[in-house]
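Accompanying notes for the structure given below.
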Protein chains: 2
Amino acid sequence: MAAPELRVIGLGGLPEVRPGDDIAALILEAAERQGIRLRRTGDVLVVTQKIVSKAEERVVALADVEPGPEAARLAQETEKDPRVVELILRESRRIVRQAGPVLITETRHGFVCANAGVDASNVGQGLVTLLPEDPDRSAGEIRAGLREGAGLEVAVVISDTFGRPGREGHTNGAGGIAGMEAFVDYVGRMDPYGYELRVSTLAVADELAGAAELVMGKLSGVPAAIVRGYAYPKGSGTARDMIRPAERDLFR
Amino acid sequence: MAAPELRVIGLGGLPEVRPGDDIAALILEAAERQGIRLRRTGDVLVVTQKIVSKAEERVVALADVEPGPEAARLAQETEKDPRVVELILRESRRIVRQAGPVLITETRHGFVCANAGVDASNVGQGLVTLLPEDPDRSAGEIRAGLREGAGLEVAVVISDTFGRPGREGHTNGAGGIAGMEAFVDYVGRMDPYGYELRVSTLAVADELAGAAELVMGKLSGVPAAIVRGYAYPKGSGTARDMIRPAERDLFR
């Protein structure tokens, strides 16, 4: 029996991403420089939210931000920069939890995450990045760019770092996807013993993003990775499919 | 620049695991049959909780279980088998959430999960498996077995399927670990722009378990995988490190 195997190949050597850059083109160039040929079908490309935000001009100079009164108040309570809090509020529908320096909000996309994804890491001094306006659309555009530029049919995952209620530490998950379903659904399938599975819907888009993080790291200058050898579920799912509606969420 | 790369190699062809079986020995035999040589250092071995539970005699015949009055009551509310509910209660410290058929408890280990890990899948008719008594210890025993049997120094992750509050679907996470830390901590490290990271502690043991799930699947008869090429954080961490204490948990 041949061993099932997947490979996660980091793509480094991208230039600093600038507003308006074509991520698909940068990926193809970086792959070529590294001697990696993306396969015509079957590869999954994972890219960090950070470079997508940079390309989509979702970078804000804090010097240009004028905090309002609510931001000023919350900034004092959380000991954050009031301009950062102002951006968090603008990016959010509501505050979900606030405790000490922690501010967890529901973003306009519906993601529940720390600081609405407003983040000062891996961007220049005095700048912060916001999440893409629509990460699923962003993934779709990268996917279309790879198809048009090189005839590739890949799935695309935009990865982001998420905290987990009840569990310490963060993992990378899928903030946006294109060309695949978010889940592999085992419900109703029989195990080898004839037992019908009832509850196993695996969020494989999140697992792909986490696997890619293992080669991308936070500081390694590897903002993209190819997952090769995984028979991902083709389809037109979205990362929004993974957001549990409040009425189904036992922990809200 | 050479591309950083990791491989996830599924190990199939294990025999049906029976009480008292030596998982380390079964892994070495399966690897040899597949022509896979584990490296002396650097590999991470991921094995499913299911085969560990079977080897550790954590399999219960429902016919032998006598449900008590609380189990009988809860079984009616959740429409579960009263004998399964009895086992769930025995395995739990407390019920965390109950809604319709969903019963989320805190296990005696401290894991917050559905049904305390009591599971009827991938085991014979009329049987259920319980979680290992101490999955970190189980991982340590497998690790020791690989060292003694073949001179290997690998990290071991016992994977399990977890739901996520706020997010649809399950992912595999680490229920037990040995020979590694659960986290890679970026807090205090500088990004390439001179910004000091403040919040990024990556739960890489969970990401390893998720990556392995992509080759193991739920039904594929691949109960173990080797992750090769990942410079995992050596150490003596535990999966318990990932359980957020209730007082730090904003969502409890």
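Using the Kirkwood radius over Cα pairs, work out the Stokes-Einstein diffusion coefficient for the range B:59-128 at 10 °C and 1.306 mPa s, in µm²/s as a whole number. It would help to have the intermediate numbers written out before the result.
Numbers: Rh = 12.0 Å.
So the translational diffusion coefficient is about 133 µm²/s.
Tell me the relative contact order for the range A:60-128 as a rounded percent, counting alpha carbon contacts under 8 Å between residues six or more apart.
Working: 108 pairs, mean separation 18.8, N = 69.
With pairs under 8 Å counted, the relative contact order is 27 percent.
How many angstrom lie between the Cα centre of the range A:54-82 and the Cα centre of the range A:16-30?
28 Å
Sort A:MET242, B:MET190 so the one with the fewest other Cβ atoms within 10 Å of its own Cβ comes first. Intermediate values should be presented prior to the final figure.
Numbers: A:MET242 23, B:MET190 12.
Listing A:MET242, B:MET190 from fewest to most nearby Cβ atoms yields B:MET190, A:MET242.
Tabulate in residue order the Karplus-calculated ³J(HN,Hα) for the range B:55-72, using 6.51 cos²θ - 1.76 cosθ + 1.60 with θ = phi - 60°, rounded to whole Hz; enter x for Gly and Pro.
5, 8, 6, 9, 10, 10, 7, 4, 4, 8, 9, 9, x, x, x, 5, 4, 4
Mind checking the full-extension length gain between B:ARG37 and B:GLU148? Use 0.36 nm per residue of separation minus the Cα-Cα distance, one decimal, nm.
On the way: separation 111, 0.36 × 111 = 39.96 nm, distance 1.58 nm.
Stretched out fully, the B:ARG37 to B:GLU148 stretch lengthens by 38.4 nm.
What percentages, rounded to whole numbers, describe P(r) for chain A computed over all alpha carbon pairs with 5 Å bin width beginning at zero?
So the P(r) values, bin by bin, are 1, 6, 12, 17, 18, 15, 12, 9, 5, 3, 1, 0, 0, 0.
With unit charges on the beta carbons (Lys and Arg positive, Asp and Glu negative) and the dipole taken about the Cα centre of the protein assembly as shown, which residue among B:GLY117, A:LEU6, B:GLY176 sits farthest to the positive side?
My answer, from the dipole projection, is A:LEU6.
Filter the GluC sites (Glu not before Pro) in the range B:8-49 to those in DSSP coil with at most 15 other Cβ atoms within 10 Å of their Cβ, and list the result.
On the way: sites: B:GLU16, B:GLU29, B:GLU32; in loops: B:GLU16.
Within the range B:8-49, the qualifying GluC sites (Glu not before Pro) (loop, at most 15 other Cβ atoms within 10 Å) are B:GLU16.
Report the residue, chosen from B:LEU197, B:LEU214, B:LEU74, that carries the largest GNM mean-square fluctuation when chain B is represented by alpha-carbon nodes joined by springs under 10 Å.
Answer for the Gaussian network model of chain B: B:LEU197.
Classify the range A:106-156 as rounded, prolate or oblate from the Cα gyration tensor: take a ≥ b ≥ c as the square roots of its eigenvalues, call it rounded if a/c is under 1.5, otherwise prolate when a/b beats b/c and oblate if not. The partial results should precede the final answer.
On the way: a/c = 3.78, a/b = 1.77, b/c = 2.13.
Cα axes put the range A:106-156 in the oblate bin.
Among A:LEU208, A:LEU11, B:LEU14, which comes first, second and so on when ranked by fewest other beta-carbon atoms within 10 Å? Show your work: numbers first, answer last.
On the way: A:LEU208 31, A:LEU11 28, B:LEU14 19.
Placing the least packed residue first, the sequence is B:LEU14, A:LEU11, A:LEU208.
Against the longest alpha carbon principal axis of chain A, how many degrees, from 0 to 90 and to the nearest 10, is the axis of helix A:135-150 turned?
The angle comes out at about 50 degrees.
Measure nothing but the geometry: give the 0 to 90° angle between the long axis through the Cα atoms of A:82-91 and the longest principal axis through the Cα atoms of chain A, rounded to 10°.
So the inclination is approximately 50 degrees.
Say each of A:GLU16 and B:ALA63 gets a label point 7 Å from the Cα, pointing the same way as Cα to Cβ; how far apart are those two points in nm?
7.2 nm
Taking each label point as 7 Å beyond Cα in the direction of the beta carbon, state the distances from A:ARG108 to the same residue in the other copies, shortest first, in nm.
5.2
Which ³J(HN,Hα) values, rounded to whole Hz and listed in residue order, are derived for the range A:21-28 from phi using the Karplus coefficients 6.51, -1.76 and 1.60 in 6.51 cos²θ - 1.76 cosθ + 1.60 with θ = phi - 60°, glycine and proline given as x?
4, 9, 4, 4, 5, 4, 5, 4
May I ask what percent, to the nearest 5, of DSSP beta bridges between residues of the protein assembly as shown are antiparallel? Please list the in-between numbers first.
Working: 77 of 91 bridges.
Rounded to the nearest five, the antiparallel share is 85 percent.
Determine which lysines satisfy two conditions relative to B:LYS80: a Cα distance under 24 Å, and not lying fewer than 8 residues away in the same chain.
Filter leaves B:LYS50, B:LYS54, B:LYS218.
Using the alpha carbon gyration tensor of the protein assembly as shown, what are the three equivalent-ellipsoid semi-axes (square root of 5 times each eigenvalue), largest first, in whole Å? Could you put the intermediate results ahead of the total?
Details: eigenvalues 274, 160, 83 Å².
Over the Cα atoms of the protein assembly as shown, the semi-axes work out to 37, 28, 20 Å.
Under the √(5λ) rule applied to the eigenvalues of the Cα gyration tensor, what semi-axes describe the equivalent ellipsoid of the range A:1-133? Give them in Å, descending. Working shown, then result.
Working: eigenvalues 255, 68, 26 Å².
They are 36, 18, 11 Å, listed from largest to smallest.
May I ask you to report, in nm to one decimal and beginning with the shortest, the distances from A:ALA61 to the same position in the other copies, taking label points 7 Å along Cα-to-Cβ?
7.7
Among A:GLY188, A:SER138, A:ILE88, whose Cα projects farthest towards the positive end of the dipole of chain A, with charges put on the beta-carbon of Lys, Arg (+1) and Asp, Glu (-1)?
Looking along the dipole axis, the top candidate is A:GLY188.
Between B:GLY13, B:GLY140, B:GLY117, which gets the highest mean-square fluctuation from a Gaussian network model of chain B, Cα cutoff 10 Å?
Answer for the Gaussian network model of chain B: B:GLY13.
For a footprinting-style exposure proxy, rank B:ILE177, A:ILE104, B:ILE27 by other Cβ within 10 Å, fewest first. All intermediate terms of the calculation are to be shown ahead of the outcome.
Working: B:ILE177 33, A:ILE104 20, B:ILE27 28.
Fewest-to-most Cβ neighbours within 10 Å comes out as A:ILE104, B:ILE27, B:ILE177.
How big is the Kirkwood radius of the range B:103-252, worked out from every pair of different alpha carbons and given in Å to one decimal? Don't jump to the answer; show the numbers that get you there.
Details: mean 1/r = 0.0589 Å⁻¹.
In the range B:103-252 this quantity evaluates to 17.0 Å.
Give me the percent of DSSP beta bridges within the range A:20-161 that run antiparallel, rounded to the nearest 5. Each step should come with its number before you reach the end.
On the way: 13 of 19 bridges.
Here the share of antiparallel DSSP bridges comes out near 70 percent.
Please work out the Cα center distance from the range A:100-149 to the range A:189-252, rounded to the nearest Å.
Centre-to-centre (Cα) distance: 18 Å.
Any chance you could give the angle, 0 to 90 degrees and rounded to 10, that helix B:204-216 forms with the longest Cα principal axis of chain B?
80 degrees
Measuring from a point 7 Å out along Cα→Cβ, what nm distances, shortest first, does A:GLU153 have to its partners in the other copies?
Counterpart label points of A:GLU153 in the remaining copies fall at 4.7 nm.
Once you list every other residue whose beta carbon is under 12 Å from the beta carbon of A:ALA225, what net charge do they have if Lys and Arg are +1 and Asp and Glu are -1?
Numbers: positive: A:ARG7, A:ARG228; negative: A:ASP43, A:GLU213, B:GLU5.
Around A:ALA225, the charge tally is -1.
Do the sum for chain B: with -39,500 (n - 2.57) for every DSSP H run of n ≥ 4, divided by all residues, what is the mean residue ellipticity at 222 nm, to the nearest 500 deg cm²/dmol?
Numbers: 6 runs with 67 residues, N = 252.
Mean residue ellipticity at 222 nm (helix-derived): -8000 deg cm²/dmol.
Values in this text are rule-based calculations from the coordinates and carry no lab data. A quick note: this is a predicted structure, and the numbers were derived from the prediction, not measured. Because the Cβ atoms are built from the backbone with ideal geometry, glycine has one as well, and the counts that use them run over all protein chains shown.
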